[in-house]
Amino acid sequence: MSRIWVLGAGQLGQMLKHAGMPLDLDVRPVDIESEETFPLLPHEQVTAEREQWPDTAATRQLSAHPAFVNLDTFPVLADRFTQKSLIDKLGLATAPWQLVATDTSAEELHQQLGERVLLKRRTGGYDGRGQHWLRDPGQDAIPDDWHEQAIAEQAIDFDEEMSVVGMRGADGQCFFYPLTLNLHVNGILLGSVAPLARLAHLQAEAEQMLATLMNDLDYVGVMAMECFRVGEHLLINELAPRVHNSGHWTQAGASVSQFEAHLRAVAKLPLVEPRVKNLSVMVNLVGVDKDDAWLSVPGAELYWYGKEVRPGRKVGHINFCLSNHADTKAALDQLQPMLPAHYVQGL
Ligand code: ATP
Ligand code: MG
């Protein structure tokens with residue numbers, strides 16, 4: 001049985017482990033806080049479920065391993081400054097931006113980027129954390145410790161948010177899932193839907209953008225690209241060098257899930273074009289207690305992460321991949337009263 005080590009033991013690591021079982025892959029997620037060392041053999045591959053990690057005995061050991069796939073990509077994409085610089089270098093569309101330098105003022109950012117400017121911490125932000133809006137030219141100011149630590153982006157009046165998840169093998173071959181429509185509430189992904197026929201005409205553009213990035217990085221595995229649709233074009237919002245929440249629907253809706261695809265690429269097993277089944281809907285469970293009643297909804301495929309429930313924390317998701325839209329709608333209608341009020345509009 002081949003073994004693959006995963007730096008990080010959150011839900012993504014656990015779902016990689018789950019996906020490895022039928023492939024006879026022994027996937028070992030490793031807690032990034034661990035001060036233990038692990039029986040890592042020279043031929044075993046190492047991957048990650050996150051783009052950044054603290055300095056601990058476990059992360060030192062794994063990141064020093066010669067077979068750590070994509071090791072050089074993580075620092076480039078973990079820092080929004082180097083990530084946006086890469087997107088610019090490759091001539092790909094993204095929100096206009098600049099570094100918040102030591103002497104940058106809010107006034108200058110408004111002059112360069114417009115009336116609404118979004119500051120984003122260079123590292124560590126997720127689920128809308130690490131962001132600060134400047135919406136009031138003449139009034140607002142850059143928080144003190146954000147100089148050199150943030151980038152500033154022009155606010156994009158996007159029509160909707162979507163993402164594409166792709167995979168690349170060590171031989172350079174790439175495959176993609178269809179564009180996924182994402183609904184964010186308060187900066188957190190609430191749900192995703194894919195595939196949608198009305199987005200199909202944007203698929204080639206999305207694939208070309210993500211392929212350009214993966215090829216430039218000589219990347220191996222699954223990468224996600226979050227985008228804004230503005231009219232008939234896409235702007236890249238951000239990249240994740242890992243399996244991604246907006247690809248969770250592939251567990252129900254594709255012949256090869258994003259987790260399996262990542263493992264196949266890392267383990268140098270054959271990669272294929274994933275066959276997409278029917279319309280899939282993924283509902284994130286954010287800050288809610290587990291409710292076994294969810295299991296009574298026909299077609300509901302629950303993934304509960306076993307984490308402590310806290311407000312705003314992703315603690316699970318439910319996938320649906322039913323044979324027709326009427327059944328999907330009926331299932332969501334049945335689920336909705338079992339979730340907090342703020343799900344009503346999204347569902
Ligand atoms: P994630 O949890 O996906 O990693 P994040 O918190 O790291 O997210 P972003 O994806 O960059 O950060 O931003 C979160 C959300 O903020 C986006 O999904 C989008 O709704 C909004 N947003 C980000 N950038 C812009 C922008 N330039 N203009 C308008 N809205 C934006
Ligand atoms: Mg995001």
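The values are calculated or read from the model by the stated rules, or taken from the named source; none is laboratory data. Worth saying up front: this structure is predicted, and the values here are computed from it rather than measured. Note: ideal-geometry Cβ built from the backbone for every residue, glycine included; neighbour counts use all protein chains shown.
Can you name the number of the only condition in (1) assigned to a loop (DSSP other than H, G, I, E, B); (2) near ligand 1 (Cβ under 10 Å from one of its atoms) that T102 fails? Exception for T102: condition (2). I'd like to check something: does segment 64-76 contain any residue that is free of Cβ contacts under 8 Å to residues at least 40 places away in the same chain, on the phi > 0 side of the Ramachandran plot and surrounded by fewer than 18 Cβ atoms within 10 Å (Cβ to Cβ)? No, segment 64-76 contains no residue that is free of Cβ contacts under 8 Å to residues at least 40 places away in the same chain, on the phi > 0 side of the Ramachandran plot and surrounded by fewer than 18 Cβ atoms within 10 Å (Cβ to Cβ).
Looking at segment 31-38, can you tell me whether even one residue there is within 15 Å of ligand 1 (Cβ to nearest atom) and of a type in the set (A, V, I, L, M)? If you could, list the steps in order and put the result at the bottom.
Looking only at segment 31-38, we keep the residues that are within 15 Å of ligand 1 (Cβ to nearest atom), and these are none.
Taking every residue of segment 31-38 in turn, none turns out to be within 15 Å of ligand 1 (Cβ to nearest atom) and of a type in the set (A, V, I, L, M).
Checking the condition modelled with pLDDT of 95 or more, over 25 Å from A261 (Cα atoms), part of a strand (DSSP E or B) and among the charged types (D, E, K, R), which residue from E161, E153 passes? Spell out how you get there, then give the answer.
Working: E161 fails: over 25 Å from A261 (Cα atoms).
Matching residue, one of E161, E153: E153.
Counting only residues that are away from ligand 2 (no atom under 15 Å from the Cβ) and touching a residue at least 60 places away in the same chain (Cβ under 8 Å), segment 156-174 holds 7 of them.
Residues that are touching a Lys or Arg at 6+ places or on another chain (Cβ under 9 Å) and within 13 Å of ligand 2 (Cβ to nearest atom) were ranked within segment 175-195; the one that is modelled with the lowest pLDDT is G187. Among the criteria (1) assigned to a strand (DSSP E or B); (2) free of Cβ contacts under 8 Å to residues at least 24 places away in the same chain, the one G191 does not fulfil is (2).
Among the residues of segment 238-278, the ones that are under 11 Å from the mean Cα position of the chain (by Cα) and assigned to a strand (DSSP E or B) come to 3 in all.
Hey, among G138, G128, which residue is within 16 Å of ligand 2 (Cβ to nearest atom), surrounded by fewer than 15 Cβ atoms within 10 Å (Cβ to Cβ) and either assigned to a loop (DSSP other than H, G, I, E, B) or touching a residue at least 60 places away in the same chain (Cβ under 8 Å) (or both)?
None of the others qualify; the one that does is G128.
Does segment 210-223 include one or more residues that are in contact (Cβ under 8 Å) with a residue 40 or more places away in the chain, under 12 Å from the mean Cα position of the chain (by Cα) and either away from ligand 2 (no atom under 13 Å from the Cβ) or not in a helix (DSSP H, G or I) (or both)? Yes, some residue in segment 210-223 is in contact (Cβ under 8 Å) with a residue 40 or more places away in the chain, under 12 Å from the mean Cα position of the chain (by Cα) and either away from ligand 2 (no atom under 13 Å from the Cβ) or not in a helix (DSSP H, G or I) (or both). Within segment 20-31, residues that are assigned to a helix (DSSP H, G or I) have Cβ atoms under 7 Å from residues that are crowded, with 22+ Cβ neighbours inside 10 Å in these pairs: G20/I4; G20/V27; G20/L263; L23/E260; L23/L263, counting only partners at least 6 apart in sequence or on another chain. The set of residues from segment 154-182 being under 24 Å from L322 (Cβ atoms) and surrounded by fewer than 17 Cβ atoms within 10 Å (Cβ to Cβ) comprises just one member, E160.
Per-residue answers, yes or no, for (1) closer than 18 Å to F74 by Cβ; (2) within 16 Å of ligand 1 (Cβ to nearest atom); (3) charged (D, E, K, R):
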| site | (1), (2), (3) |
| --- | --- |
| C174 | no, no, no |
| L181 | no, yes, no |
| G187 | no, yes, no |
| G191 | no, yes, no |
| G221 | yes, no, no |
| R229 | no, yes, yes |
| S246 | no, yes, no |
